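Okay, so here's the structure we're looking at.
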Amino acid sequence: MTVLENQRSVFRFAPSPNGRLHLGHALSALLNRDMAKTSGGRLLLRIEDIDLSRCTPEFETAIFDDLTWLGISWEEPVRRQSEHLDEYRQALQKLIDLGLAYPAFMSRGEVKAHVSEAEQRGQPWPRDPDGAPLYPPTDRERPTIDKERLLADGRRHAWRLNVAKATAELGRRLTWTETGHGPKGHIAARPEDWGDIVLWRSDAPSSYHLSVTVDDALQGVTHVVRGLDLFHATAVHRLLQELLGLPAPVYHHHRLILGADGRKLSKSAGDTALAALRAQGLTSADIRRLVGLA
């Protein structure tokens, strides 16, 4: 499904309050604002604070300050993911009821050991587009009675999507509409490249993939503008949209701002933090020039 052409466009900027915004965030926020303004659309702000151990009110306040300094305004109220866990839980339960999600009991250490043993035997282990090893099939293939026993015993677990089963039951290949800086047009989605993705974590409620898919639908987002580092993850979001009966936005993945080492900026790179640049006397117009916007 795609958004209706005559629907008023809705854009969103969705940072996590786990550090100070940097030049990469500025590019994304400004592009969202500019594209919303050009199309006569709306701009929403979403605070993605699922990771309660790292997100703080102080960083959230700093986000508001930085965006205001950039001259960006947004519609109220601001959506905070931490206030909508029940909506993500309902989406998870739907996938469980469909028989497409299963409890995954292996810890990170156990997964690492499993993959290492396989590779030592000369068995190349498949990896996702970000380079992380795919989750082993151990829990997916575990007998139902064993899963139920482990759950009854209170064994710590996450919930993962059985991607192979989900794509098989869907019975058709998925695409998304792309207008960004990489390939354009109708892009073939390959969710199988990610293996059995996490839907609900043992150490944090929900997962990025599940929460942003639900959020975009509930907020009526029609255009997702974000960095090229999330280009391939769109395949997972398209699969979840189809499984949950949600509409598909248009996607626009923009170029990344890279550091001196050629890597994508991170919030630990203090020299590119907007607050630091502002303290040096730079203006919002200077920031536009630094990120390559006219």
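Bear in mind that the values in this text are calculations on the coordinates, not laboratory data. Bear in mind the structure is a predicted one, so any value in this text is a computation, not a measurement. Reconstructed Cβ throughout: ideal geometry from the backbone, glycine too, with neighbour counts over all protein chains shown.
At-a-glance table
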read-out	value
Placed amide H near residue 160: partners under 5 Å, 5+ positions off or other chain	102, 104, 199
Amide proton proximity set for residue 12, modelled H, under 5 Å, gap of 5+	44, 225
Amide N proximity, the range 122-139 versus residue 256 label position 7 Å along Cα-to-Cβ, cut-off under 16 Å	128-132
Reachable aspartates and glutamates from residue 165, criterion Cα separation under 16 angstrom, eight or more residues apart if same chain	97, 139, 141, 192, 193, 196, 242
Between the range 201-226 and the range 36-113, the Cα center-to-center distance that results, in Å	6 Å
Contact order normalised by residue count of the range 202-294, Cα under 8 Å, 6+ apart, percent	24 percent
Distance histogram in 10 Å bins (all Cα pairs of the range 211-294, percent per bin)	14, 36, 27, 20, 3
Karplus (6.51, -1.76, 1.60) ³J(HN,Hα), θ = phi - 60°, over the range 196-206, in Hz, Gly and Pro reported as x	7, 5, 6, 9, 8, 8, 7, 10, 7, x, 6
Under 14 Å from the residue 155 label point (7 Å along Cα→beta-carbon), backbone N, the range 86-118	102-108, 110-111
The range 85-248, relative contact order [Cα under 8 Å, separation at least 6], %	27 percent
Gain on full stretching of the segment that runs from residue 112 to residue 218 - 0.36 nm per residue minus C-alpha separation	34.5 nm
The range 212-286: trypsin sites (Lys or Arg not before Pro) in DSSP loop, at most 10 other beta carbons within 10 Å	263
For the range 85-248, Kirkwood radius (reciprocal of mean inverse C-alpha pair distance, Å)	16.9 Å
CD proxy at 222 nm, helix term only [per DSSP H run n ≥ 4: -39500 (n - 2.57); per residue of the chain; nearest 500]	-11000 deg cm²/dmol
Full-stretch length increase - residue 87, residue 141 - with 0.36 nm per residue and alpha-carbon distance subtracted	16.6 nm
Listed residue pairs exceeding 24 Å between alpha carbons, taken from 112/147; 112/267; 94/267; 94/264	112/267; 94/267; 94/264
Volume per residue of the C-alpha convex hull in the chain, rounded to whole Å³	153 Å³
Of every Cα-Cα pair in the range 1-101, the percent that sits beyond 18 Å	56 percent
